[in-house]
Amino acid sequence: MNSTHLHFSAFRGRRLHLGVCGSVAAYKVCDLLRGWVRDGISTSATLTDGARQFVTPLSFAALGALPVYGRLDDATEAPADEIFAHLEPGQRAQAMIIAPASADALSRLANGAASDMLSAQALAFSGPLVIAPAMNPRMWAHPAVRANVAILQERGAMLVRPGCGATACGDMGEGRLADLREIHVAALRALAPQDMAGLRVMITLGPTREVWDGVRYWTNPSSGRMGASLAVAAWLRGARVDAVCGPGAPWLPQGICRHDVVSARDMLAAAEAVWDAADMGVFTAAVADFSPVSAGPEKFKKEGAADGFSVRFTANPDILKTLAARRSRGQRIMGFAAETAADLAACVRRKLASKGADMIVGNNVNQQGAGFGAPDNTVLVLDRNGREERWPARSKADIAWDLCTWLLSL
Ligand code: C5P
């Protein structure tokens, strides 16, 4: 799974409680647990009796869940700290996630039941609650289930909607456990500081593709990872994000408004459409500076060009410059500079002035382990107040997190 843009060190030391209910999908959350544990998030877990029919507490303990709580009645003859196990996540975890959440668990939660360990723990928990239901599509469509979900949402629970498709029982429809990436980021969002809440951020990312004939185009190797990391970081921190994505840009959570485009001109049009409402613009896209003059909609045949041929290029609009020239209401702008020149600092300084940005993030794309396509980056950051910092190689996700903090400080 090419998802390094979904893993941030900022969550190291945070604490999550995972509730697992009876569902064929229960085995899938083992992967979620691994992801959170890998990111340094301490995760405890409770498996309902139903869940224990599908997966074992030992699997969760082995993957790093600590503790894995037992049944409510296990506590009757236990030492004092275990007697109060139903209160523990409420005192220690900063968010609770129930995945998969069964119809029965939703009913118990909506009604305030405390008849089993997970329900009692949820009742004694006042932090953010995320529910990711999974069940047969007819059960999911039933008004009783919908009413329970509505009650929980009204009380502030965040819903990760089930996905569509074939369920284990063979029925088709909405009811499958959501894409694990959606559940992963929903938990992160519940844990994240909401310091970008109320802000609308527009981000361009990925390459652009400039079509030449019916089968060929001009582009660059940008993976869109840096921009995707910025989009996810801002969204986790509460921003409303519009991501204008070039071809092949990474997966983004449904909560981010994604606008897929192909060419530089498409990207400008999509960015212009959301720019007026944005508070911040982040321009990470590796926009093609030139487009080949079209050879028409058919495939250009080599028979007519045995000795080679020339292609004429025309300049594309500069999206950052165009939107910076039109900014209002103190809109803040972060630009990027992908350079190959030895003197990165001079290039980045020039770009800060010429582009009309508030800050520029420069990187040398020829450097080993950084730049286009790599999971890590080494950057030089400059802002309009004269602050200048060189950051050593780190994951693009972690750089994105700190760039959001910098942008907020301007
Ligand atoms: O001039 P240069 O391409 O190096 O500038 C890089 C910055 O400008 C990046 O933030 C990039 O997204 C943006 N840019 C743009 N439209 C272009 C070229 C670059 O928005 N046509």
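Just checking, does the range 180-192 include any residue being over 27 Å from G35 (Cα atoms), in contact (Cβ under 8 Å) with a residue 12 or more places away in the chain and among the charged types (D, E, K, R)?
Here is the first cut: in the range 180-192, the ones over 27 Å from G35 (Cα atoms) are none.
No: zero hits.
It is to be established whether one or more residues within the range 126-134 are closer than 27 Å to E272 by Cα and surrounded by fewer than 18 Cβ atoms within 10 Å (Cβ to Cβ).
no
Give me the pairs: first residue in the range 287-311 and touching a residue at least 24 places away in the same chain (Cβ under 8 Å), second residue of a type in the set (G, A, S) and in a loop (DSSP other than H, G, I, E, B), beta-carbon distance under 6 Å, and six or more apart or on different chains, which are they?
P297/G214; E298/G214; K299/G214
If a residue counts only when it is within 15 Å of the chain's Cα centre (by Cα), which strands (runs of 3 or more DSSP E) contained entirely in the range 151-216 have at least 1 such residues? Don't jump to the end; show me each part of the working.
On the way: elements: 163-166, 172-176, 200-205.
The qualifying strands (runs of 3 or more DSSP E) are 200-205.
Among (1) away from the ligand (no atom under 12 Å from the Cβ); (2) open to solvent by less than 40 Å² (accessible area, probe 1.4 Å); (3) modelled with pLDDT under 95, where does Q331 come up short?
(3)
Taking the conditions exactly as written (within 12 Å of the ligand (Cβ to nearest atom), more than 26 Å from the chain's Cα centre (by Cα) and either open to solvent by less than 50 Å² (accessible area, probe 1.4 Å) or free of Cβ contacts under 8 Å to residues at least 60 places away in the same chain (or both)), does K321 satisfy them or not?
Answer is yes for this residue.
Mind checking which residues of the range 110-121 are in a helix (DSSP H, G or I) and open to solvent by 20 Å² or more (accessible area, probe 1.4 Å)? Write out each step before concluding.
So the first thing to find is which residues in the range 110-121 are in a helix (DSSP H, G or I), and the list is 110-111, 117-121.
Passing the criteria: only N111.
If I filter the range 353-394 down to residues being within 15 Å of the ligand (Cβ to nearest atom) and modelled with pLDDT under 85, which single residue comes out as nearest to N220 (Cα to Cα)?
Per the criteria, the residue is F372.
If you scan the range 271-292, which residues turn out to be part of a helix (DSSP H, G or I) and either within 12 Å of the ligand (Cβ to nearest atom) or in contact with a Phe, Trp or Tyr (Cβ under 8 Å, 6 or more places away or on another chain) (or both)?
Pass one, the range 271-292, residues part of a helix (DSSP H, G or I): 271-275.
A271, E272, W275, listed by residue number.
Those residues that are β-branched (V, I, T) and surrounded by fewer than 20 Cβ atoms within 10 Å (Cβ to Cβ), I need them from the range 349-387; list them, please.
V365
Under 6 Å between Cβ atoms, which residue pairs at least 6 apart in sequence (or on different chains) link something in the range 341-352 that is within 20 Å of K321 (Cβ to Cβ) and within 12 Å of the ligand (Cβ to nearest atom) with a partner that is open to solvent by 30 Å² or more (accessible area, probe 1.4 Å) and assigned to a loop (DSSP other than H, G, I, E, B)?
C347/A341
Which of the residues belonging to the range 1-20 are open to solvent by 60 Å² or more (accessible area, probe 1.4 Å) and among the hydrophobic types (A, V, I, L, M, F, W, C)?
The answer is M1, and nothing else.
The values are calculated or read from the model by the stated rules, or taken from the named source; none is laboratory data. It should be emphasised that the depicted structure is a prediction, and the values quoted were computed from it without experimental measurement. Reconstructed Cβ throughout: ideal geometry from the backbone, glycine too, with neighbour counts over all protein chains shown. Just the protein is used for accessible areas: all its heavy atoms, side chains included, with ligands, DNA and RNA removed. Shrake-Rupley method; radii C 1.70, N 1.55, O 1.52, S 1.80 Å.
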